[in-house]
Amino acid sequence: MPTLRQPIHASAAEILMDAFKALVDETLMLAEALLSPNRIIGEVEQMHALQVAADDIEATDPAHAELLRSRASRIGLR
């Protein structure tokens, strides 16, 4: 059974409410981003700096470079 399906006991109303809640959450996140772009710009700059640092040390310390890339990938998820 695919993992994306709702449980059999979930009614159409529950599925619709879940979809509506997700839409509202995404809309609020978009509004926050539009009202406060400096935070997002700062996060992108941090991610870029970590990626550049990882690229610079890739040949000499690949494990540390991977750690920096991992940190960069999680910045936008906060």
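The values are calculated or read from the model by the stated rules, or taken from the named source; none is laboratory data. Owing to the predicted nature of the structure, the values given are computational and were not obtained by experimental measurement. These accessible areas exclude ligands, DNA and RNA; they are computed on the full protein's heavy atoms, side chains included. Shrake-Rupley method; radii C 1.70, N 1.55, O 1.52, S 1.80 Å.
Can you give the relative contact order of the chain as a percent, counting alpha carbon pairs under 8 Å and 6+ residues apart?
22 percent
Please report, ordered by residue number, every helix of the chain (full DSSP H runs) that is 24 Å or longer along its axis going by C-alpha atoms and whose mean Kyte-Doolittle hydropathy reaches -1.0.
Qualifying helices, which must be both long enough and hydrophobic enough, are 12-35, 37-57.
How big is D for the chain, in µm² s⁻¹ as a whole number, if Stokes-Einstein is applied with the Kirkwood radius of its Cα pairs at 4 °C and 1.567 mPa s?
Estimated diffusion coefficient is 82 µm²/s.
Counting heavy atoms of the protein chains only and a 1.4 Å probe, report the per residue accessible area for the stretch 35-78 as a whole number of Å².
I get 74 Å² per residue for the stretch 35-78.
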